[in-house]
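To start, the structure under review is shown below, and the notes come after it.
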Amino acid sequence: MKKYNFNAGPSILPDVVLEAAAKAIIDFDGTGLSLLSISHRTPEFEAVVADAKNLFRELLSIPENYHIFFVGGGASTQFFHIPANFLKGKAGYVDTGVWTKKAIKEAKKYGEVEIVASSADKNYNYIPKGYTIPEDLDYFYICANNTIYGTEYKVDLDSPVPMIADMSSDILSRPVDVSKYALIYGGAQKNLAPAGVTFVIVRDDMLQRVVRELPTMVNVNTHVENNSMFNTPPVFPIYVLRETLKWMKAEGGLEEIYRRNVEKAALLYDEIDRNSLFRGTVEKEDRSLMNICFVMTEGNEDLAPEFLEFAKSRGMVGIKGHRLVGGFRASCYNACPKESVEALVACMQEFEQMHK
């Protein structure tokens, strides 16, 4: 039976990328050595890192005054790396769910944290708007896409202070004006690579804003100055990331990827809104393109376990909602084909017919 992968992460990757990675595990770039056992100091792997950076810069139109580096530790490590480097007095955070709450917790260990806005009052089902960003902040922090609740920023904000964004789950899924951000980071295991590598895009001036003496591995300058290789980097995930970026470019670049993502999301959201058994959980203007969350309609809640089993029997994988919110979640990352979304829509329609 064909499987349709909607896992929230680690997520689906393009078949061509998986094939290239599988071959490289046996023989990396004609070296006769496995990618898993090469030295990261070889010219061949240094070329992989350089390619990955160049492709990242090209696809996302990253200005020249920004550095790109790759590091281990996951996005959760950046929750404390960022305030350790840049929080001296006060930072501002927008609370949009679990990931910002965790980042706020870490930041409070280094300085004052002002919650500039929050959507906690409605269980994080919208993106806060209409607030003013204070000008006395060391930096202003957002999470661009919220995987658990299914909300996403649709515009790049204007900030009077350096703006930092966690883009773990929507990087390279839509156009972004990088120049509006001082730093963008994310775990790569949604749209780019298997778990194990984190990307950081940081503006030149931030390198001079480090506010305290830090352990070497925590200081942002360490990774910029050492070209991501102060210590052994996550070799395999970086290689896969490079292959994913190559795939994106070959497919038509970010404009085409974004077009596909909008099309896929519209297909599923339209069915959620039409189907008598399902309803969305997020305010429509803030619905994520990446993580589409929905529940049973009022009076049909008891059908949820049955639908999960029915969907599983039709090949759907990973559509159970996060344990904190329940319901269902279809993660439609870049490599998720339109065919998978069409199959889920057909599954929902069939289930509706069964219960008429």
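The values are calculated or read from the model by the stated rules, or taken from the named source; none is laboratory data. Quantities reported herein were computed from a predicted structural model and do not represent experimental measurements. Glycine also receives a Cβ, built like all others from the backbone with ideal geometry; neighbour counts cover every protein chain displayed. Remember, those area values only see protein heavy atoms, side chains included, never the ligands or the DNA or RNA. Shrake-Rupley method; radii C 1.70, N 1.55, O 1.52, S 1.80 Å.
General observations
- Of all the criteria given as (1) in a loop (DSSP other than H, G, I, E, B); (2) touching a residue at least 40 places away in the same chain (Cβ under 8 Å), the one not satisfied by Phe230 is (2).
- Candidates in the stretch 181-201 are the residues that are of a type in the set (S, T, N, Q) and not in a strand (DSSP E or B); of these, the one that is surrounded by the most Cβ atoms within 10 Å (Cβ to Cβ) is Asn191.
- Residues being acidic (Asp, Glu), open to solvent by 70 Å² or more (accessible area, probe 1.4 Å) and either in a helix (DSSP H, G or I) or on the phi < 0 side of the Ramachandran plot (or both) - total across the stretch 16-43: 1
- Filter result (open to solvent by less than 30 Å² (accessible area, probe 1.4 Å) and over 18 Å from the mean Cα position of the chain (by Cα)) within the stretch 49-74: Val49, Tyr66
- Complete set of residues in the stretch 289-301 that are under 17 Å from Asn125 (Cβ atoms) and either open to solvent by 30 Å² or more (accessible area, probe 1.4 Å) or among the β-branched types (Val, Ile, Thr) (or both): Ile292, Val295, Thr297, Glu298
- One residue stands out among those in the stretch 318-345 that are open to solvent by 40 Å² or more (accessible area, probe 1.4 Å) and out of contact with any helix residue (DSSP H, G or I) (no Cβ under 9 Å at 6 or more places or on another chain): the one that is nearest to Gly150 (Cα to Cα), which is Val325.
- Meets criteria (out of contact with any Cys (no Cβ under 9 Å at 6 or more places or on another chain), open to solvent by less than 30 Å² (accessible area, probe 1.4 Å) and not polar (S, T, N, Q)) for Ala304: yes
- The set of residues in the stretch 81-90 being surrounded by fewer than 22 Cβ atoms within 10 Å (Cβ to Cβ) and either on the phi > 0 side of the Ramachandran plot or without any contact (Cβ under 8 Å) to a residue 60 or more places away in the chain (or both) consists of Gly89, Lys90.
- Phe56 being in contact with a helix residue (DSSP H, G or I) (Cβ under 9 Å, 6 or more places away or on another chain) and not in a strand (DSSP E or B): yes
One line per residue, one yes/no per condition, for (1) surrounded by 21 or more Cβ atoms within 10 Å (Cβ to Cβ); (2) under 28 Å from His40 (Cα atoms):
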position	(1), (2)
Arg203	no, yes
Val211	no, no
Thr216	no, yes
Asn227	no, yes
Ile238	yes, yes
Glu256	no, no
Tyr269	no, no
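- Within the stretch 170-180, the set of residues being open to solvent by less than 10 Å² (accessible area, probe 1.4 Å) and part of a loop (DSSP other than H, G, I, E, B) comprises Asp170, Ile171, Leu172, Ser173.
- Residue pairs whose Cβ atoms lie under 8 Å apart, separated by 6 or more positions or on different chains, with the first residue in the stretch 202-221 and closer than 10 Å to Asn85 by Cα and the second charged (D, E, K, R) and open to solvent by 70 Å² or more (accessible area, probe 1.4 Å), are Val211/Lys88; Arg212/Lys88.
- Condition met for Tyr93 (crowded, with 24+ Cβ neighbours inside 10 Å and part of a strand (DSSP E or B)): yes
- Count - residues of the stretch 116-169 that are in a helix (DSSP H, G or I) and in contact with an Asp or Glu (Cβ under 7 Å, 6 or more places away or on another chain): 1
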